[in-house]
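Read the structure below first, then the notes.
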Amino acid sequence: HSFPTRRSSDLINMERMKRNTGLLIIAGILVLLTQRVGLGISMIESIPGIILIILVALVALVIRELFPKSIFPAFGWVTILGFLLSMPYNPMSVKFMEYVGKIDFISITTPLLAFAGISVGNKIDDLKRMSWKIVLISVIVFITIFFACALIAQTVLTITGDI
């Protein structure tokens, strides 16, 4: 018996990866422009940090492609990869944090929210079919997240002695 082998190109939708890479590059340019216009931060100085963020996002997308049955989203993989790369015990963490630290969080949220809005706008018919159920689910999710974040903040602030 010979077992069929699958190449990584069979597992990864290359057309989707090209599109996602292009979108990430556009988002990166928007982040750099937002930082320049809004905060006066040099675009040249921020390029290494945005390249690292794009690379981490691409690795997360590849992981997500390799495990399509997983319910774990690509955003979760980005978070885990960022966490591992920034841990003090990682020898690359100092440089990683130095470069990524030059990217302002608010500058990242601007293109992120724009893409999210476009994504939702493209699925408006699906949202209409869900009718009132989507509102109920959204309210439950927002309330749950709010209280979970408040509980985490309370715990951390208590442990650190700030409250």
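The values are calculated or read from the model by the stated rules, or taken from the named source; none is laboratory data. Because the structure is predicted, anything quoted here is derived from the model rather than measured. Cβ atoms come from the backbone with ideal geometry, glycine included; neighbour counts cover every protein chain shown. These accessible areas exclude ligands, DNA and RNA; they are computed on the full protein's heavy atoms, side chains included. Shrake-Rupley method; radii C 1.70, N 1.55, O 1.52, S 1.80 Å.
The table below gives the values:
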| item | result |
| --- | --- |
| Listed candidates (i) 15.5, 45; (ii) 17.5, 55; (iii) 19.5, 66 - label of the one calculated as Rg and Dmax of the Cα atoms in Å | (iii) |
| Assigned charges on the beta-carbon of Lys, Arg, Asp, Glu; the chain dipole about Cα centre (debye) | 540 debye |
| Packing-based ranking, highest mean first, of 152-163, 48-59 given that Cβ atoms within 10 Å are counted | 48-59, 152-163 |
| Assigned charges on the beta-carbon of Lys, Arg, Asp, Glu; segment 27-105 dipole about Cα centre (debye) | 120 debye |
| Residue of Leu11, Leu136, Leu32 that the Gaussian network model of the chain assigns the largest fluctuation, springs spanning Cα pairs under 10 Å | Leu136 |
| Accessible area in square angstrom per residue, segment 7-149, 1.4 angstrom probe | 71 Å² |
| Cα gyration tensor of segment 12-95 - equivalent ellipsoid semi-axes, whole Å, descending | 25, 19, 10 |
| Ellipticity estimate at 222 nm from DSSP helix runs (n ≥ 4, -39,500 (n - 2.57)) divided over the chain, nearest 500 | -26500 deg cm²/dmol |
| Residue order for Arg36, Arg129 - accessible surface, 1.4 angstrom probe, largest first | Arg129, Arg36 |
| In order through segment 146-155: 3J(HN,Hα) via Karplus (6.51 cos²θ - 1.76 cosθ + 1.60), integer Hz, x for Gly, Pro | 4, 5, 5, 5, 5, 5, 4, 4, 4, 5 |
| Pairs of Lys in segment 14-146 closer than 29 Å at Cα, counting only those 8 or more apart or on different chains | 8 |
| Most mobile listed residue (Val141, Val78, Val31) in the chain, GNM with C-alpha springs under 10 Å | Val141 |
| Heavy-atom accessible surface of the chain: percent carbon and sulfur, 1.4 Å | 74 percent |
